[in-house]
Amino acid sequence: MELQQQFEAAAAASKTLPQKPDNETLLQLYSLYKQGTEGDVNTDPPSNLFDFVAKAKYEAWQKLKGKSKEDAQQEYIALVTKLKG
């Protein structure tokens, strides 16, 4: 199975994990997914200073700047596999 298919399968599997991951892991999943699908962050930071969730998601994605889509996809697949147990 090629990387893109594995990535898509992992994305589907992430929705059926046996238990909900902690917030830090959720941010990691989000940022790896965004980096793996869109590449480097391509939006402006959230303008609402009190939208802490959006700010955390943006910052998590921003930290991955420069990581290739392929590397992000491989890390995402590995993380989902680990979480599935």
Kindly indicate the residue of segment 36-59 that is among the hydrophobic types (A, V, I, L, M, F, W, C) and not in a loop (DSSP other than H, G, I, E, B) and also surrounded by the most Cβ atoms within 10 Å (Cβ to Cβ) among those meeting that condition.
Ala56
Identify all residues within segment 50-85 that are closer than 22 Å to Pro18 by Cβ and either polar (S, T, N, Q) or at pLDDT 95 or above (or both); write none if there are none.
Glu75, Tyr76, Ile77, Ala78, Leu79, Val80, Thr81, Lys82, Leu83
Given Lys55, Lys63, Lys67, Lys34, which one is among the charged types (D, E, K, R) and under 22 Å from Ala12 (Cα atoms)?
Lys34
Among the residues of segment 1-39, which ones are more than 12 Å from the chain's Cα centre (by Cα) and among the charged types (D, E, K, R)?
Glu2, Glu8, Lys15, Lys20, Asp22
Pick from segment 1-10 the residues that are closer than 13 Å to Gln73 by Cα and of a type outside the set (Asp, Glu): which of them is most open to solvent (accessible area, probe 1.4 Å)?
Gln5
Would you mind stating whether Gln74 is surrounded by 12 or more Cβ atoms within 10 Å (Cβ to Cβ), polar (S, T, N, Q), out of contact with any strand residue (DSSP E or B) (no Cβ under 6 Å at 6 or more places or on another chain) and more than 19 Å from Ala11 (Cβ to Cβ)?
no
Considering residues of segment 11-35 that are without any contact (Cβ under 8 Å) to a residue 60 or more places away in the chain and in a loop (DSSP other than H, G, I, E, B) only, the residue surrounded by the fewest Cβ atoms within 10 Å (Cβ to Cβ):
Gln19
Using the structure shown, decide if Lys65 is crowded, with 17+ Cβ neighbours inside 10 Å and touching a residue at least 24 places away in the same chain (Cβ under 8 Å).
no
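The values are calculated or read from the model by the stated rules, or taken from the named source; none is laboratory data. In this text, all values refer to a predicted model and were calculated from it rather than measured experimentally. With ideal geometry, Cβ positions are generated from the backbone for all residues, glycine too; neighbour counts draw on all protein chains shown. Protein only, heavy atoms only, side chains kept; ligands, DNA and RNA dropped before computing areas. Shrake-Rupley method; radii C 1.70, N 1.55, O 1.52, S 1.80 Å.
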